Protein chains: 2
Amino acid sequence: MASLLRLPSLLKPAAAARPSALLSRRSRGGLHAGMEARVSASRSQAAAATTGAAAPAPPETRGGGDREGQVTPRSVDFNAWYTDVIAAAELADYGPVRGTMVIRPYGYAIWEAIQDYLNVKFKETGHSNMYFPQFIPYSFIEKEASHVEGFSPELALVTIGGGKELEEKLVVRPTSETIVNHMFTKWIQSYRDLPLMINQWANVTRWEMRTKPFIRTLEFLWQEGHTAHATLEEAEKEAMQMIDVYTKFAYEQAAIPVIPGRKSRVETFAGANRTYTIEAMMGDRKALQAGTSHNLGQNFSRAFGTQFMDENGQIEHVWQTSWAISTRFVGGIIMTHGDDAGLMLPPNIAPIQVVIVPIWKKGDEKSAVMEAVASVQNTLKEAGIRVKVDDSELRTPGWKFNFYEMKGVPIRLEIGPRDVTNRSVVISRRDVPGKQGKEFGVSMDPSILVDHIKGRLEEIQASLLQKAIAFRDSNIVDVSSYGELKEAIAEGKWARGPWSASDADELKVKEETSATIRCFPFEQPEGAKKCFMTGNPAEEVAIFAKSY
Amino acid sequence: MASLLRLPSLLKPAAAARPSALLSRRSRGGLHAGMEARVSASRSQAAAATTGAAAPAPPETRGGGDREGQVTPRSVDFNAWYTDVIAAAELADYGPVRGTMVIRPYGYAIWEAIQDYLNVKFKETGHSNMYFPQFIPYSFIEKEASHVEGFSPELALVTIGGGKELEEKLVVRPTSETIVNHMFTKWIQSYRDLPLMINQWANVTRWEMRTKPFIRTLEFLWQEGHTAHATLEEAEKEAMQMIDVYTKFAYEQAAIPVIPGRKSRVETFAGANRTYTIEAMMGDRKALQAGTSHNLGQNFSRAFGTQFMDENGQIEHVWQTSWAISTRFVGGIIMTHGDDAGLMLPPNIAPIQVVIVPIWKKGDEKSAVMEAVASVQNTLKEAGIRVKVDDSELRTPGWKFNFYEMKGVPIRLEIGPRDVTNRSVVISRRDVPGKQGKEFGVSMDPSILVDHIKGRLEEIQASLLQKAIAFRDSNIVDVSSYGELKEAIAEGKWARGPWSASDADELKVKEETSATIRCFPFEQPEGAKKCFMTGNPAEEVAIFAKSY
């Protein structure tokens, strides 16, 4: 939790209050040379040797390095590593208000990649985007009993508008079920108005006490889907469909092998009958709830009088769902794939899939190198590959190698004078360190290069997923007693075992081990089971873990 | 202003307080038959006659019509027409809090079309998207003198968070210059960090007293660009570049012939040195400020200490710009192109460019018609045309004709049994009423149909712009005396005349005529000019008009 303490205190502009390494992109002394030496001197040397070109000396010393100090090694302090990577890869910065976050362009581009994929899926599955106001009358929040209980401690309230005290306090939305139902009640009359299936991309506010960039911030960005149906079965099908969309997204795009399942009663969303979740194992083996889908039953429709006339002329309350994924997912990507060299992005959601670093020494080499670089860039761009050239002369190639490794760019291409002569490039994979991840003499010929790069991107995507699956599976322990669970949790692992005990028992486990039920996974072992806590018959296994 | 009074009062859930015609999409009695008869009986009759198919009787009477009552004719009451169209075309609804708006899927899809276009242009011109927190410490707003003066009456303030009174009130962002500068100060050290060019898509809050859907709402959606530069010249060039992007967007996408120009000192943004604007003439000839770009000079950089070291080692304050377009633009589209039949959308930003209405009478006709419809739909979709089929059997073709006219869909295709036999379709243009807008016997052959439709869409796009230009130009009067200005304004027109008088004179004109200087247009007449108010030499003409 050390990293949490680095957050500025409430409302104090933060610069003075926190260590500069995490926070200022530009610092006075450039320490990147040290970093280079540490992380991948061998690679830059290899590059220089094989391309026959030393890095050009920077024309002048830059006023400030982009990163000060080193990124804390992951194994030394996972939380410090996490916040260091966020700063060094320029993903986010702290806002001036305690617990708020500025999402910087590179971090936002990852969010945009998430949006681009999900937005298409939501539309394909019949949902329309729309937008609800973020100010909700306080009385709305009070209408659904468990909802108000769950959210009232976390509310931000507007009490003054246009210079005047308001008659009724306004809640800055923590989620939109209440205002959505207020509107659905106006729009829905008949079964013919159903299903009503919408989504919004929005900011939400929850007054969290312990915050962590991306994972838990006072304000965050998300999408929230809201649907109304004529029957419980349809609502259940929808809730399951959306957790399935999230699961596919996590596996296929983010290369995160989440475990989909159902939340326990204790962990169910405030106002839902059932909550489905995707649970991801982070690099420190803590669980991250990465997306949820709720079957709300008729809880909100009863509270807000959202009714329809069914085919037989009967007035009924609608059955509803809601589901969300947020900028928290970006934190999940960092903590699943990153290593000591920084971020490691799955190609499918990487804002930059390939970075090209030109390498030349003498002025007369430059034009030929830059011409080849431009040609390769065009070739890749036309093939639909997200490519960036870093031709800055203020930085050495070695500095760039480290910088784009820190940013998690899946593939680096180096092109130097010897490569130009040979009509070839040098390729480095972000996910395979050292010489093993390098290929020399790959032809620049578009007909060869494009297929080669595409193939490598696919390999990296698959490899990241496989690595994450192996890590996950080697850190889940099947337990058949509470003792075994305690042992597994104490080792930092996840415990999976049959469970049919009480909510009180579940809370006891939490108190004694800090682990909670992450989910009853959809994938269940066959055969008779006995609850590891009570010895009673159990229908399902549950997964317990410490979590963010 | 009648329509404004229909907004629900603060914090009262609104259903009871307002006339149902504007607000409830589903009403108890379906009055659409009356609407059909009024608006385009001739068209549906023509359709029936030429396709040889009467509309199928709806299998049962629908529980509620989608629209109750008629849309007020534009000529009778422009404001009532506007709010009626918003309700009937399902663009937006009122939120529960006074002055807030729910943007419904069809209205949001228009906003998405605006976003899709501008987002690409912003990136092409070197800007990156990112996200700043919406909560701004109150003290930030006070740092720039004219900024606080301009915005403090409109602020929404969060005073309670997590159940506790906050030490410092938080402003819900009305615009982000202050928090942007707070962060820029941390990120910018050297001239090498410049230019810094970013954009965010976000919601903003301004506690407006008089609200109107899309045009002026308590919360609205927008993009706000923020840039920092090393020189005044660069900032000026950027501010001009962005107003140019907006101008092109307005002309080429929205078919709105805006007049770009510079705001007077009186009308300049609170905190800017110069404000550039695009001014649009609405159907009632009032002006709408549809987008602005500000040269902020060093006002915010001085207030926030945003400095950099220049190439000579001197410390300087950065030069800045900001620029924005909001959901207000959707209101501008409605009020520029709409007519008594409803919305009229330029094809380039229409969520649906072509709607296909199948027409059949007997059950045995249905399968052949639906097969042809599906084939035409695929053909158009593959050609990149945004096409929708409305095959609902709950509505008559006549009802659908009116509904999609109300929604402003540029082209309607009718396909009936006779069309199937002839392998042809009937085409109706939204912008040309009656028989003149209809084409019969257009071949279904993809090689003919696609080009034909694309050609028609281009014609409609061009025609809407030409019509709007003609309307605009016939309603701008060149004036050479204050008397002439008063006359023009009294007639509801815009007045254009040489102006070099004082801010006090400008305020006098506003007080006496309700007209303000909309802009000093970039396009200026040649030759010597005399101020129409003072008789002194004037360098420029200004445009005066009443505005939203």
Taking B:TRP207, A:TRP222 and counting other C-beta atoms within 10 Å, the order from fewest to most: A:TRP222, B:TRP207
Using a Förster distance of 41 Å, how high is the FRET efficiency between A:GLU371 and B:GLN524, based on the Cβ-Cβ distance and rounded to 0.05? 0.35
Find every distance from the label point of B:LYS530 to the corresponding label point in the other copies (7 Å from Cα along Cα→Cβ) and write them in nm, one decimal, shortest first. 10.8
Using a Förster radius of 22 Å, what is the FRET efficiency between B:LEU507 and B:ASP478 based on their Cβ-Cβ separation? Nearest 0.05, please. 0.45
What are the label-to-label distances in nm, one decimal and shortest first, from B:ALA504 to the same spot in the other copies, with labels 7 Å along Cα to Cβ? 8.3
List every residue whose amide H lies under 5 Å from the amide H of B:SER264, counting only residues 5 or more places away in sequence or on a different chain, with H placed 1.01 Å from N in the peptide plane. B:PHE520
What is the order of B:GLU142, A:GLU144, fewest Cβ neighbours within 10 Å to most? B:GLU142, A:GLU144
Per the C-alpha gyration tensor (a ≥ b ≥ c, the square roots of its eigenvalues), the stretch A:67-107 is rounded if a/c is under 1.5, else prolate if a/b beats b/c, else oblate; here it's prolate
Measuring label to label, 7 Å along Cα→Cβ, what does A:LYS362 give against each other copy in nm, shortest first? 9.0
Starting with the highest mean, order B:264-274, A:311-321 by the number of other Cβ atoms within 10 Å, averaged over the residues of each peptide. B:264-274, A:311-321
Taking each residue in B:378-384, count the Cβ atoms of any other chain within 10 Å of its Cβ, then average. What number comes out? 0
Three-way shape label, the stretch A:78-337, alpha-carbon gyration tensor, a/c 1.5: oblate
Pull up the DSSP beta bridges for the stretch A:479-546 and report the antiparallel fraction as a percent, rounded to 5. 100 percent
To two decimal places, what compactness ratio does the protein assembly as shown give when its Cα radius of gyration is scaled by 2.2 N^0.38 Å? 0.99
Could you rank the peptides A:299-309, A:427-437 by their average count of other C-beta atoms within 10 Å per residue, with the highest value first? A:299-309, A:427-437
If you count, for every residue in B:89-102, the Cβ atoms of partner chains within 10 Å of its Cβ, what is the mean? 5
Given the rule -39500 (n - 2.57) for each run of at least 4 DSSP H residues, summed and divided by the residues of the protein assembly as shown, what is its mean residue ellipticity at 222 nm, to the nearest 500 deg cm²/dmol? -11000 deg cm²/dmol
Near B:LYS164, which lysines are there with a Cα under 18 Å away, not counting those fewer than 8 places off in the same chain? A:LYS12, A:LYS169
Which entries in B:LYS438/B:LYS493; B:LYS510/B:LYS530; A:LYS212/B:LYS121; B:LYS186/B:LYS248; A:LYS212/A:LYS407 show an alpha-carbon gap greater than 28 Å? B:LYS438/B:LYS493; A:LYS212/B:LYS121; B:LYS186/B:LYS248
Could you run the Karplus curve 6.51 cos²θ - 1.76 cosθ + 1.60 with θ = phi - 60° over the stretch B:123-138 and give me ³J(HN,Hα) per residue in whole Hz, x for Gly and Pro? 5, 4, 8, x, 9, 10, 7, 7, 9, 9, x, 8, 8, 10, x, 4
In the calculated pair distance distribution of the stretch B:479-546, what percentage of Cα-Cα distances lie above 17 Å? 31 percent
Among A:ILE448, A:PRO417, A:ALA468, pick out the residue whose Cα is farthest towards the positive end of the charge dipole of the stretch A:415-548, where Lys and Arg carry +1 and Asp and Glu carry -1 on C-beta, about the Cα centre. A:PRO417
10 Å Cβ neighbours from other chains, averaged over peptide A:124-133: 6
³J(HN,Hα) across the stretch A:503-518 via Karplus (A = 6.51, B = -1.76, C = 1.60, θ = phi - 60°), whole Hz, x for Gly/Pro? 4, 5, 4, 4, 5, 5, 4, 4, 5, 7, 10, 6, 8, 10, 6, 6
Calc'd 3J(HN,Hα), the stretch B:354-368, phi into Karplus 6.51 cos²θ - 1.76 cosθ + 1.60 (θ = phi - 60°), Hz, glycine/Pro = x, comes to 9, 10, 9, 10, x, 10, 8, 10, 9, x, 6, 7, 4, 5, 5
Estimated distance in nm for a label pair at A:GLU382 and B:GLU233, the labels positioned 7 Å out from Cα along Cα-to-Cβ: 3.7 nm
Assuming a ≥ b ≥ c are the square roots of the Cα gyration tensor eigenvalues, decide whether chain A counts as rounded (a/c under 1.5), prolate (otherwise, with a/b larger than b/c) or oblate. prolate
Counting only residues 5 or more apart in sequence or on a different chain, those whose built amide H sits under 5 Å from that of B:VAL102 are B:ASP93, B:TYR94, B:GLY95
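Any read-out appearing in this document is the output of simple, stated calculations on the displayed coordinates, not a laboratory observation. Values in this document were obtained by computation on a predicted structure and should not be read as measured data. Glycine also receives a Cβ, built like all others from the backbone with ideal geometry; neighbour counts cover every protein chain displayed.
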